[in-house]
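Here's the structure, in structure tokens; my notes come after.
Just so you know, all these numbers are worked out from the coordinates, no wet-lab data involved. Just so we're clear, the structure is a prediction, and the values are computed from it rather than from any experiment. With ideal geometry, Cβ positions are generated from the backbone for all residues, glycine too; neighbour counts draw on all protein chains shown.
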Amino acid sequence: MAELQGLGAALSEAEQAGVAIIAVSPDPNQQSHDMAERLHLGFRFLADRDLAVTRRYWLLHAHGGEHGEDVPTPTTAVLDRSGAVRWLWVSDNFQVRPDAAEVRRAVRGLE
Amino acid sequence: MRSGWLAALSVLVCAAAIVVYTQGLRVASIRNNPEGYVAAFAIGATIAGLAVALGRRWYAWAALGLSVLLLLGGAAFNFVLARIPTPHTTLRVGERPPDFTLPDAAGTPVSLADYRGKKPVILVFYRGYW
């Protein structure tokens, strides 16, 4: 969640309105939704309960969770209007998250 | 006496590293440089080593034991346990990733393709807890 909180703080309201922030996790929807409400974030939280999309994107970190469950590899991608990836960040250490300032730079550099 | 001061300084450095890292997780420069706490434990262990060299008191040994334990534990956590094997992700810069449809918090299906031609997208895969 740290990366999402950082993003919410780094992007202005206008920037948040001009870009869709889609957050995919195996979390049950309600939990993510409550978190978004609390943080006042205009994110779309999508529930990938069985990790099917995470698997299709080859982002599964097998047994990487707190209790040995499968989890997604923390990843952030910035897609331009045409849907092509323009900036990509994949974590190699679960303590580390992308710097929100770098994501903001990638978003600002799109057009 | 100097041994006592050094032992206290060692404990202080290690404690400060733990406090700064755990309280600073929202600060990108702290969270994204976990090597920092390992380095601080190494400094703490060095200071405690000096304390033992100056006076073989129980508190100097205690500070050395504590800082070495933290150094080993911190290094094992950061360099081994926290590592994620590099995934062979299908996401590639310059390419359009495969489309998907998933339910949002209200249960409404959302597709990545919904945004094509309309808005840029920040797509985040996260674990659900910090």
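Please turn the phi angles of the range A:20-25 into ³J(HN,Hα) values with the Karplus equation 6.51 cos²θ - 1.76 cosθ + 1.60 (θ = phi - 60°), one per residue in order, whole Hz, x for glycine and proline.
8, 9, 10, 10, 9, 8
If you build the Cα gyration tensor of the range B:1-61 and take the root of 5 times each eigenvalue, what three semi-axes come out, in whole angstrom, biggest first? The partial results should precede the final answer.
Details: eigenvalues 152, 19, 8 Å².
Values for the range B:1-61, descending: 28, 10, 6 Å.
Divide the volume of the convex hull of the Cα atoms of the range B:18-114 by its number of residues and quote the answer in cubic angstrom per residue.
170
At a threshold of 8 angstrom on Cα-Cα distance, excluding pairs fewer than six apart, so keeping six or more, what relative contact order does chain B reach in percent?
22
Within chain B, which is the longest segment that contains none of the trypsin sites (Lys or Arg not before Pro) sitting in a DSSP loop with at most 11 other Cβ atoms within 10 Å?
B:57-117
In deg cm²/dmol and to the nearest 500, what is the mean residue ellipticity at 222 nm of chain B if only DSSP H runs of at least 4 residues count, each as -39500 (n - 2.57), divided by the residue total? Show your work: numbers first, answer last.
Numbers: 4 runs with 65 residues, N = 130.
Per the formula, -16500 deg cm²/dmol.
Mind checking which of A:TRP89, A:LEU46, B:TYR115 is farthest towards the positive end of the protein assembly as shown's charge dipole, using Cβ charges of +1 (Lys, Arg) and -1 (Asp, Glu) about the Cα centre?
Working it through, the farthest residue towards the positive pole turns out to be A:TRP89.
With a/c under 1.5 counting as rounded, go ahead and sort the protein assembly as shown into rounded, prolate or oblate using the C-alpha gyration tensor (a ≥ b ≥ c being the square roots of the eigenvalues; past the cut-off, prolate if a/b is larger than b/c, else oblate).
It comes out prolate by the Cα gyration axes.
Run the helix sum for chain A: -39,500 (n - 2.57) per DSSP H stretch of 4+ residues, divided by residue count, reported at 222 nm to the nearest 500 deg cm²/dmol.
Calculated mean residue ellipticity at 222 nm is -9500 deg cm²/dmol.
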